[in-house]
Structures are given as C-alpha cells and as structure tokens.
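Below: the structure, in structure tokens.
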Amino acid sequence: MRRIAVLGTGLIGGSIGLGLCRALPGLDVAGYDRDPSASDRAVARGAVTRAETDAGQAVAGADLVVMAVPLGEFEALLGAIHPFVSPDATVTDVASAKTAVVAAGEGVLGSRFVGGHPMAGSERHGIDAADPDLFVDASWILTPTATTSSAAYASASELATTLGARVVGVGPDEHDALVARLSHVPQLTASALVAAAAGAGDEEALLGLAGGGFRDVTRIAASDPELWISILRTNRTAVLGSLEHLGRALDDAAVMIEDERWNDLRDWLTKARRARLELFAKPVTTGEPVALSIMVPDRPGVLAEVTTAAGKLGANIEDLRIVHSTEGGRGRLELVVAGRTAADDLALALEALGYHVDRPDINFST
C-alpha cells in the first residue's frame, strides 16, 4: 500500500488513519469528509496526510479506498467516486450492516469491492475520539461473495492486520444476523434500560444512585442516534428477529418470577453466567504461521466458501493469494493460517467440503 483514501474522518475513519500513519510512516493518506473542518482536524491530529474537499480527488490514484461514512450516505458517495477509482484499486467499507452495502458496492465496482466491519467502537464520535489502538485485538469481519476477487480480499485483510485486528470471513447475510444479536439489539436494550429508569418521574434521584453495573450496561446508550437509525433501518429484518428472541427470553424470566419458580430461575441465570464466562475465557487464536495450499476449481464463490469456513472456526488467515493455472479450469489458493491447531481444523473442514489441502512451504515474498 502506497496511497490510501479514507472517506469519512470520524471515530472509525480517523482511527484507521491514525493507525496506518503510525504503522506505515511515509504512507500517503488522503482524507475526505463532508464537513471540511473534520478532515482539516484529521490532518492536525495526524490521521491523514492531506485533506481533500472533493471525494473524487481523494480516491484518484489510491491503492485502497476505505468508506467510513454513515450508511445513509454510502450509495451516493459510491456513485460519486466510481469514475475516479483506479481500475486495480480495492474499495472496502466499515458499515455495521452488510447485505445491502455489499450488493450496492458490487453493483458499482464489481469484484474490487469487499465488505468490511471492524468490531470496535465507542459511544463517543468524531475525529477527536479517534484512537490508533481502537482495532488492536478486535475482530475485523470481511464479507466476501462469489464476486470478490482474491486481490481485493487480500488488500482489505492487510488493512485490518496492519491495524492489529484479527480477520474473520463470513457471508453478508450471516454477518447481519450475527451483529443484530451482538451489537444492534444490545444498543436498543441499553437505550430501553435508560428509558425505563428515567421514565418514572424520579429519575434525578434514581440515576444519581446508579452504580457501576448500570453504568456499564447502558454506556452505549450515549451513542449517536442518527448513526443508529441508519444502521437499524438497513438491518431491520435481522434486528426484529433478534428482538423477538430477546423478548421471549425476558418473558420466560418474568413467568418464572411470577410463579416463584426459583430453582428454574437459578438454572436460567447459571446457564447465562456459564456461557458468559466461557465466551470471554476462550483464548485468541495465535501461533506459528502455517501454510495451506488448496487446489480449487475456477468458479465463482470459492474464495467466499474457504474464508467463511475459516471464519466459522475462528481461524485467522494472515495471508492469502490465488495462483491461476495457465491451462485454465483450476487454480491454487494459498493461505497462511495463525496456529497449527487452527490450520489443522481448517484443513479438515475444507477436505469435508471436497477440497484437497496440501501444506507446502510457501514464500509469499516472491
């Protein structure tokens, strides 16, 4: 990467710029924001090396374009930059809902677009909240499809790993269902808790007594409402399904309390406690890099199939490339996976899908 364009210099875009400029000194990072004062502030903070007042000028000549704008602005900006994006450039985004975004991105840019979503953020917003360490040890979801090129996926993956994140590949639909449960419904739940606490008429006295638990679970209720409206509108179906599931769980708890079924309630709480402890006790997949080489047919969807299989296992793909056969019809997908156990698990999963997996010594520098 020699030149990158960051479109949208708020919390996420600004953090991407700060992290890149720190990790890759001398990198040319062009910044664009619909609010020129925000991109000027990004220059002052060192998040971008120069500010552009025109999005087309910002993306011209860039190897990688990162669209870090609200969902409501995505399609209009995509149309505006399309004539100026280099033919071999990769374009990615950071939106919290992927199905509609990926469809729009591929509709305009084809295989050069790969959807992305860093699972990191803050209730704060704007360039002054940006942090170069925001993505360190966070998951960065990529959502390849049958259209996604290996070069685009590798470029977006390099962006994430340069910022210290772990790349996870899932399909756009699966992503939206997952984040509805892990991000979107928790946001609504936090807001509902604050609304319930503040709606009794004695909120000043009540909220003054709030302890750390209430503050922790409601922290994200301070997030930007306009940002969340666009997210929830885009992921409406998955969010409604997850809200229904949450509602049933709360109804079950209410019935147990009403019927004084304390043993059942204890079991319900114990199961949730155990799941919470196990979830965050799982070690991050790390270890020596292990090379895998997979013979693949020359057909759409292979890249998405392989990377999403890795994502389901939690395997971290550190590098990836496809070597196409000169005879046509087949090629070789070369992966570097972090950790031997993860590589073994991925190899078994891919063999179960019908692929032949070898483990040669791969030199990705040649």
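Some notes on this structure:
One line per residue, one yes/no per condition, for (1) surrounded by fewer than 24 Cβ atoms within 10 Å (Cβ to Cβ); (2) on the phi > 0 side of the Ramachandran plot:
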{"site": "Asp88", "(1), (2)": "yes, no"}
{"site": "Thr99", "(1), (2)": "yes, no"}
{"site": "Phe113", "(1), (2)": "no, no"}
{"site": "Pro118", "(1), (2)": "yes, no"}
{"site": "Gly126", "(1), (2)": "yes, yes"}
{"site": "Leu134", "(1), (2)": "yes, no"}
{"site": "Thr143", "(1), (2)": "no, no"}
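- Among the residues of region 19-40, just one is open to solvent by less than 30 Å² (accessible area, probe 1.4 Å), modelled with pLDDT of 95 or more and out of contact with any helix residue (DSSP H, G or I) (no Cβ under 7 Å at 6 or more places or on another chain), namely Gly19.
- Reported count of residues in region 138-185, each being charged (D, E, K, R) and over 12 Å from the mean Cα position of the chain (by Cα), is 4.
- Among (1) surrounded by fewer than 16 Cβ atoms within 10 Å (Cβ to Cβ); (2) more than 20 Å from Ala165 (Cβ to Cβ) - the single one Leu78 does not satisfy: (1)
- Single residue of Ser365, Ser293 found to be outside any helix (DSSP H, G or I), surrounded by fewer than 19 Cβ atoms within 10 Å (Cβ to Cβ) and at pLDDT 85 or above: Ser293
Residues checked against (1) in a helix (DSSP H, G or I); (2) open to solvent by 100 Å² or more (accessible area, probe 1.4 Å); (3) among the β-branched types (Val, Ile, Thr); (4) in contact (Cβ under 8 Å) with a residue 24 or more places away in the chain:
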| site | (1), (2), (3), (4) |
| --- | --- |
| Ala221 | yes, no, no, yes |
| Ser230 | yes, no, no, yes |
| Ala238 | yes, no, no, yes |
| Gly247 | yes, no, no, no |
| Arg276 | yes, yes, no, no |
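- Residue in region 299-308 that is open to solvent by 100 Å² or more (accessible area, probe 1.4 Å), in a helix (DSSP H, G or I), closer than 28 Å to Thr341 by Cβ and modelled with pLDDT under 90 present: no
The values are calculated or read from the model by the stated rules, or taken from the named source; none is laboratory data. What you are looking at is a predicted structure, and each value in this text was computed from that prediction instead of being measured. Here Cβ is always computed from backbone atoms with ideal geometry, including for glycine, and neighbour counts include all displayed protein chains. These accessible areas exclude ligands, DNA and RNA; they are computed on the full protein's heavy atoms, side chains included. Shrake-Rupley method; radii C 1.70, N 1.55, O 1.52, S 1.80 Å.
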